[in-house]
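Take a look at the structure below.
The values are calculated or read from the model by the stated rules, or taken from the named source; none is laboratory data. Keep in mind that this is a model prediction, so the values were computed, not measured. Note that each Cβ is placed from the backbone with ideal geometry, even for glycine, and that neighbours are counted across all protein chains shown. What goes into the accessible areas is simple: the full protein's heavy atoms, side chains included, and nothing from ligands, DNA or RNA. Shrake-Rupley method; radii C 1.70, N 1.55, O 1.52, S 1.80 Å.
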Amino acid sequence: MKRPAVIPQQIIARKRDGDTLSAPELEALLTGYLDGQVGDDQMAAFLMAVYFNGLGDAELDVLVEVMLHSGDMLPRGGVRAPRVDKHSTGGVGDKVSLVLAPLAAEMGLVVPMMSGRGLGHTGGTLDKLESIPGFRTRISLDRFDRILRSVGCAMIGQTEEIAPLDRRLYALRDVTGTVPSLPLITASIMSKKLAESLDGLVLDVKVGEGAFLSHIDRARALARAMAGVGAARGLAVTAVLSAMDRPLGRTVGNALEAREAVECLAGGGADDLRELVTELAAEMSLAGGLVPDLDEGRRKAGETLAGGGALERFRRMVAEQGGSLDLSCDGYGLPAAPATEVVTANRAGVVAGINPRALGYGIIPMGGGRTRQDQDIDPRVGFELEVRVGDRVARGDPLAVVHGSTRDDLFIGARVVVEAVTIGDLPGSEPLPLIIERITA
């Protein structure tokens with residue numbers, strides 16, 4: 001057996017004690033993990049040390065570089081249009097990508113979107129896409145490039161070729177409680193986005209109880225770190241801080257959210273979903289040089305969304321990736337849960353709050369989320385909210401519809417809704433504005 005280039009426990013101990021690692025030390029540890037000389041248990045200990053002690057700028061730079069160059073870069077192909085992507089840090093009810101990718105492509109951008117699965121209490125774009133019958137998120141890079149050239153957007157998972165070190169660390173972080181580490185989040189996101197050969201990147205950094213970063217100061221720090229990593233490598237990065245102190249839109253659950261995304265593309269959907277999609281599309285069009293300012297970007301995004309072309313582009317992308325949507329029927333051909341139950345208010349009052357984290361975790365025991373990376377999930381289960389924060393309700397008014405596969409699912413889901421929706425005599429604290437602020441390098 002090949003001798004390790006480093007003694008892992010020494011490096012782990014130094015980071016545990018708050019020391020700054022040299023570039024050769026950190027690179028040797030990371031490449032040792034890739035080639036099997038450093039074990040999962042040792043890397044888990046290192047990730048926990050980073051969680052508590054962070055990484056300096058030079059250490060973060062090494063982590064990004066090793067992640068990025070552990071795999072391939074996406075080809076640019078022969079498309080001349082600006083290549084711009086968006087990434088969300090994760091939230092509950094966040095189905096934005098399913099609307100935004102075809103909308104931005106319809107506006108004239110190329111959108112090579114590489115997404116992830118559910119992590120912790122947050123849903124994953126890949127899981128929502130895979131609720132569409134036949135949709136394949138695992139395709140070759142050649143196929144991905146062909147779809148980009150023909151449709152203008154494609155949505156895939158991280159492939160074997162792209163940042164394989166990040167893929168392994170991502171899975172390990174999920175099961176070791178080290179997800180909310182700012183340097184680890186930064187390196188994970190930016191290594192994948194830099195591998196997409198982009199002209200611009202827009203980040204949707206969630207803030208609030210349903211986000212991984214509930215405090216705005218940490219969200220700002222993450223946004224600045226990612227913008228700085230991009231700027232150092234010639235990639236213009238803009239971060240939009242958006243509210244996640246309540247669920248986004250009206251649905252939580254993979255097939256339910258896919259349905260709501262199609263409704264938004266068809267001109268409907270919840271107001272907050274349309275507003276956030278429009279804002280992010282405006283940022284993407286500005287990053288790609290298609291508009292002179294954000295106001296023009298918002299106007300163009302709104303007109304394009306209302307025009308119907310983005311829905312047809314989404315249908316084409318779904319078909320190219322093996323999926324099937326029936327836009328002529330109510331449910332669009334998406335899978336539906338066999339049982340539903342309406343949860344009603346047990347008292348009159350005002351909806352003072354809807355806890356997104358409770359809903360996000362609540363869907364897991366119903367089969368809609370994972371406790372292990374290798375688990376299959378039931379895309380049909382979830383929640384359809386009938387109220388928003390600030391609504392007045394009478395006793396017996398519907399709060400939400402629980403979609404489940406079994407009677408047990410309905411019982412679990414009903415309890416989750418009762419715990420997540422707070423009804424008081426007076427309105428609760430003022431919710432965060434949907435669009436909080438904008439950060440660039």
In region 286-301, the residues that are surrounded by 22 or more Cβ atoms within 10 Å (Cβ to Cβ), touching a helix residue (DSSP H, G or I) at 6+ places or on another chain (Cβ under 7 Å) and not aliphatic (A, V, I, L, M): GLY297
Qualifying residue in region 181-200 (condition: open to solvent by 10 Å² or more (accessible area, probe 1.4 Å), acidic (Asp, Glu) and farther than 22 Å from GLY289 by Cβ): no
Given (1) within 23 Å of the chain's Cα centre (by Cα); (2) closer than 26 Å to ASP376 by Cα; (3) touching a residue at least 60 places away in the same chain (Cβ under 8 Å); (4) open to solvent by 20 Å² or more (accessible area, probe 1.4 Å), index of the condition GLY116 fails: (3)
Yes/no for ILE354 being closer than 18 Å to GLY124 by Cα, of a type in the set (Val, Ile, Thr) and under 21 Å from the mean Cα position of the chain (by Cα): no
Residue, least open to solvent (accessible area, probe 1.4 Å), within region 430-441, restricted to residues that are outside any strand (DSSP E or B) and in contact with an Asp or Glu (Cβ under 9 Å, 6 or more places away or on another chain): LEU434
Criterion (touching a residue at least 40 places away in the same chain (Cβ under 8 Å), open to solvent by less than 10 Å² (accessible area, probe 1.4 Å) and more than 23 Å from MET73 (Cβ to Cβ)) met by exactly one of ASP204, ASP174: ASP204
Hits in region 327-359 - residues which are among the aliphatic types (A, V, I, L, M), part of a strand (DSSP E or B) and either open to solvent by 30 Å² or more (accessible area, probe 1.4 Å) or farther than 21 Å from ARG246 by Cα (or both): ALA339, VAL342
Verdict on SER70 being polar (S, T, N, Q), touching a residue at least 40 places away in the same chain (Cβ under 8 Å) and out of contact with any strand residue (DSSP E or B) (no Cβ under 9 Å at 6 or more places or on another chain): yes
Sole residue being touching a helix residue (DSSP H, G or I) at 6+ places or on another chain (Cβ under 6 Å) and surrounded by 14 or more Cβ atoms within 10 Å (Cβ to Cβ), chosen from ARG388, ARG380, ARG370: ARG380
Per-region count, region 303-325, residues within 21 Å of GLY108 (Cβ to Cβ) and either in contact with a Lys or Arg (Cβ under 6 Å, 6 or more places away or on another chain) or not in a helix (DSSP H, G or I) (or both): 1
Selected residue (only one of THR251, THR278, THR304 is surrounded by fewer than 24 Cβ atoms within 10 Å (Cβ to Cβ) and under 28 Å from GLY360 (Cβ atoms)): THR278
Residue check, LEU103 of a type in the set (A, V, I, L, M, F, W, C) and in a loop (DSSP other than H, G, I, E, B): no
Of the criteria (1) in a loop (DSSP other than H, G, I, E, B); (2) open to solvent by 30 Å² or more (accessible area, probe 1.4 Å); (3) closer than 30 Å to PRO338 by Cα, which one GLY234 fails: (3)
Region 379-421, residues that are in a strand (DSSP E or B) and over 25 Å from the mean Cα position of the chain (by Cα): ARG392, VAL393, PRO398, LEU399
Pair list, Cβ < 6 Å and 6+ apart or interchain, from region 393-407 residues that are at positive phi to residues that are at pLDDT 95 or above and open to solvent by 30 Å² or more (accessible area, probe 1.4 Å): GLY396/THR344
